[in-house]
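Written below as structure tokens is the structure these notes are about.
Nothing in this text is a laboratory measurement; each read-out follows from the coordinates by a stated rule. Every value quoted in this text rests on a predicted model; they were computed, and no experiment measured them. Note that we place each Cβ from the backbone using ideal geometry, even for glycine, and neighbour counts take in every protein chain shown.
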């Protein structure tokens, strides 16, 4: 029969979902080694399996978005599609965070009923989780070492290679950075965004400093605090107005995003009310949310480990709690996008865009 | 001193938030009437107050969106802003649904410690909730009566008038309906969307019917089921291809959205991958989510009432559980937008848009 | 080597969790049948697989609790253990409800990219879900028929038999009912709980009726409403004071729980402040929460189906939305425990327990 | 009319909830100072007001539990009641964590529309939040200083005094510590729990060390890791077996809970399957959950501040993000209860309790 006809074959829920295979893959050690299985080992296995299923889905989504953004020209249709897929990742991450709550219904004493059999298995051996980190753009040199060894020491040759390949290929971080760097209108004819922004900044700072200094509503001490809150070009705003300073900060590991991409992200944040910048802005927000959710998950994971084993050494040989807490602190990927907030100025101080740019950032037709 | 200077006056958290007023507004009846106050009455009051605070915020957001959409020409910037505000409403609604969980920590016996003092107060007397329903577009004639009386019988003259005024003014439903009706490109030069859609539909149905009938993979009984699942122009797709039939369904109360707005919503759903249709599509999805969340809240509320008082008569004199359940079933506002799914056909069957329209639906510039 | 020594063998995360098998069980039809796979079919598969994993866990927990309660004498230790396991089920159910949110990130149009390949697969074919219903105690005669056929028509002989066996064995409902019927102290020496409750009820109703009738604070109409809210022995409280009436209601399908178990549940609810009744009370509350969560899941599931396919016929041949909505309404299992709230009276009206019973309901030692 | 009669007066939802007062307490600065109010200032106010409402409820619950536990003899009924109230606190905390999500729907640029008017208001000025910390048991000497000043510098004299009074009175930490210290059966006739535990520990460690050393399933390196995971009396278990060491750790600020209370908490954790220890165990778990939720809230709060203002100085004059992150790390209150997990041994190694104690820990009657 023709291939086309196959499309009309029947399918059963059980086979379609591979349920015999799926529901046959729980093999509690205590059922094998003890007279009476530890009741909660099933939960322990299923919680981890659910994590791995969702990790597969996250990889599916992030890979597809990297594919769309890796292009020299990102198709306008791709932005909306990418946002939808990354928002889905955020929804999944929220579920993964909630799932910790279920693991916590297992008490430390119940865990001890089978914990000894797990040596030296550990979440550090989750290949898919490492893959997600690499796809998003966590770099080997920024990784916290684990028992003084590289993170991939627990994987076989083939998996090591796959992980390395992904690090060497374009990550989501890099693809977005490239795309940002190509943002038009930053310099356009006579218009120079950075120059306009700098002038607005100076104007605002001077006006505010004057007003604060002259007001009768504040004591001297309050004026000082208020000026500190205002900040100055010499402090927060310095780096972005100065390419050399930015490069220094990159070298020092304080920032990672390129100078040009940073400027573009600032531009998009400031002018996101323009119709066509709305989706790029939304994309940047979604990346921040992925980072935030990933970090929250690490934090909650660390809490859960602390609660489960206290200061005991983990089955994988490390202080689980300590390691996880450190990754929550250090393994940020899109931190520089959060940092853009430092550079924002109020809408009321924002320089108008030239009409020619506004027109291009508007829709072609009006509702 | 100048008005401008006032902007630099200091403000304390306590005053800014009106905390003396806010935290002084809990007056448990049992503290006044009993020797020993009922411990849980505080919770009862605070849960309801938190609801009312959030209702105020929802009204703030919906009113602003109605304002933006009530215009003869909706500004392109307004779409992004409106989506953000409506998405915020959805986030608030999710919180309100979670909040029921907190109320449920009060047991029925604890409620009985002060329930008698509440007569005839009841959630039916929440003015803001009625305002939200009216702003969204619930019409008086679709309301389920409550003890056989109009819903606004519990309010004073002034509040009755305000509620009526909102019903008479443009609701979110009506503003969106108007905006949809103005969607361009439904008919454009030679192009007639409805005609193209109808042809694609016929083509698809014929092809599928033939393939199903001829396949060897299905038994006769299965073929019959499969054809039923496919449907036909005479059933699901009928109404939208026939203005008279749609108007009949409107009269019968089966649909509410106008024929033209329905066609436009279908167009936006089918071609939402075009860059400029992405935000309109997102807006329609957000309206569906508001409806879904509102209905879920009603459903959970009914569950909670059932749990709290069983089949007792409510303090307001009605069977709370029964009434709430009925509103969960009937008080949908954007149901017709859900219904659009019935009319969709697979992307592979979708007729191409003429290039001239595609160009207009694209961004002005490319990343 | 000895069996004991095996306990010290090493284990890898990947093998322990059967990840090759688990992560190899996603087989999208569109990848097989189309040139380009439908991106969202992976999500569709993984969402359903995650459901099935958690169903397995729920079965694991409910089976163990039924095992503990099926005993002629339920061990006191078992109550605490059972509550913990059932509370875990509730936590899992909350996750399953959240998970619908993830499915909803798939739009109707994306679903259509592969929906045709799924015929006649459907969630109705989930064996584990039916198993959960049967374990909890849903009876065949209370099931809503599906396309006019018995619910198990979609399963093979072996699965049909397993489902039937569980129906014939003791369900959680029945095990709890038996345990409730054995509650001591309902009649104890001179003490007759039902008699004491009836007297308290009469006393309260008379006192309240008199106070309402005589107060100057209420108009005549308000007095009437207030008396209606109070209710009387002839209405809400009737059935529980009258075994014959209860049996009539059982026959009419209005209640399911036996008369004796209902009285015991009332006793536990009224005197749950006694130390030893705290855990039995908690158990009853947890059963209510399981029921509530199951029903909410059905409701949200129905919403999601409506959103996804509108009024189209489901892949399984039914109106998915309609069927699911009906099960949300009818497939309650522990509804009679909710109903206990109808029978409660305020603590201030509660007759004191005899000291001899209070002593037995107290802890042996004091902190 | 008699006082009793007042109980039958009517009440309206609007007055009962003080809605005129409640809904009249939102006073956006931008509405007063600007031509056009900043749309999102309403959200900013209402989010904070909702926090303060819930803080009031948390204080209501924690105060009542401290009241119940401050007694020389905690009534057995009080344990169940306290758990229910503390579990309610946890539910509220979960809501407060979700609420951050709503605040995050405000973008940094929208915040800048009114941020300047807030100086020097700040969440650091929340009196109720400090009260919660003090009621739970956060001690002044453990507080992280804020801009180098005591935390209460922002409050007036009266509030400073109230906060100080609560610090000087019994906190929840101290009340629970006292109650734990009074746990019976730790020493009872011939039975000495600590001695039995120590012997079981030695037995287990020797058996495990031997088995690990002798197994053929492990390499030498693996054996070393495995022994490290096992730990020894000289490391983790040391302190609890040695009062002097514990006191040293207390002095060094490593632990706070008294030696006797720690032993009791260990006893309750190990023997929590005994019927009467179930509720005390549950109480300890709930305290851990309160701590965990409080810390998660601080963490999410820090994330949100980072996202909102980046590295700008907060309106209150501090690096909000940095301060909050530090409190998430340091302001744990029940950390020592988490730490008990370190000391647990598997049930299979647990020494049997003497029958006379088991009897006392059992219920008086059997179901």
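Residue by residue along A:262-273, Cβ atoms of other protein chains within 10 Å of the local Cβ number 1 on average. Calculated [222 nm] ellipticity per residue, helices only, for chain B: -18500 deg cm²/dmol; basis is -39500 (n - 2.57) per DSSP H run with n ≥ 4, divided by all residues, nearest 500. Legend: ranking of residues C:107, C:262 from fewest to most surrounding C-beta atoms inside 10 Å; resulting order C:107, C:262.
Taking a ≥ b ≥ c as the square roots of the eigenvalues of the Cα gyration tensor, the protein assembly as shown is classed as rounded, since a/c falls below 1.5. Distances between copies of residue B:164, taken at a point 7 Å out from Cα along the Cα→Cβ vector and listed shortest first: 6.1, 6.6, 8.0 nm. Remark: the Cα gyration tensor places the range A:3-360 in the prolate category, a/c being 1.5 or greater and a/b exceeding b/c. Under the simplified labelling scheme, the residue A:157-residue B:210 pair shows an inter-label distance of 5.5 nm, with each label point 7 Å from Cα along Cα→Cβ. Cα gyration tensor of the range D:1-160, axes a ≥ b ≥ c as square roots of the eigenvalues: rounded (a/c below 1.5), prolate (a/b > b/c) or oblate? Oblate, since a/c reaches 1.5 and b/c is not below a/b. Report the FRET efficiency, 1/(1 + (r/R0)^6), for residue A:70 and residue B:164, where r is their Cβ-Cβ distance and R0 is 60 Å, rounded to 0.05. Efficiency computed from Cβ-Cβ geometry: 0.55. Taken residue by residue and averaged, Cβ atoms of other chains lying within 10 Å of the Cβ of A:108-115 number 5. The mean sequence separation of alpha-carbon pairs under 8 Å and at least six residues apart, normalised by the residue count of the range B:265-367, gives a relative contact order of 40 percent. Each copy carries residue D:6; placing its label point 7 Å along the C-beta direction from Cα gives inter-copy distances of 4.2, 7.6, 8.3 nm, listed from smallest up. With neighbours defined as other Cβ atoms within 10 Å of a residue's Cβ, the residues C:87, D:149 order from fewest to most as D:149, C:87. Sorted from closest to farthest, the other copies place their residue C:144 label points 1.6, 5.0, 5.3 nm away, with each point set 7 Å from Cα along Cα→Cβ. Residue-level result for chain B: its Cβ closest to the axis carrying B onto A, with that distance in Å, is B:364, 3. The angle separating the long axis of helix A:76-103 from the principal Cα axis of greatest extent in chain A is about 50 degrees. Taking the C-alpha atoms only, the angle from helix A:259-270 to the longest principal axis of chain A is near 80 degrees. Taking label points 7 Å from Cα along the Cα-to-Cβ direction, residue D:15 and residue C:349 give a separation of 2.5 nm.
Modelled this way, with points 7 Å down the Cα-to-C-beta line, the labels at residue A:140 and residue B:4 are 5.9 nm from one another. Remark: mean inter-chain Cβ contacts per residue of C:300-310 equal 4, using a 10 Å Cβ-Cβ cutoff to other protein chain atoms. Taking every C-alpha pair closer than 8 Å and separated by at least 6 residues, the mean separation divided by the residue count of the range D:3-360 gives a relative contact order of 23 percent. Relative to the longest principal axis of the Cα atoms of chain D, the long axis of helix D:278-309 lies at roughly 40 degrees. Computed from the Cβ-Cβ distance with R0 of 25 Å, the FRET efficiency linking residue D:101 to residue A:101 stands at 0.95.
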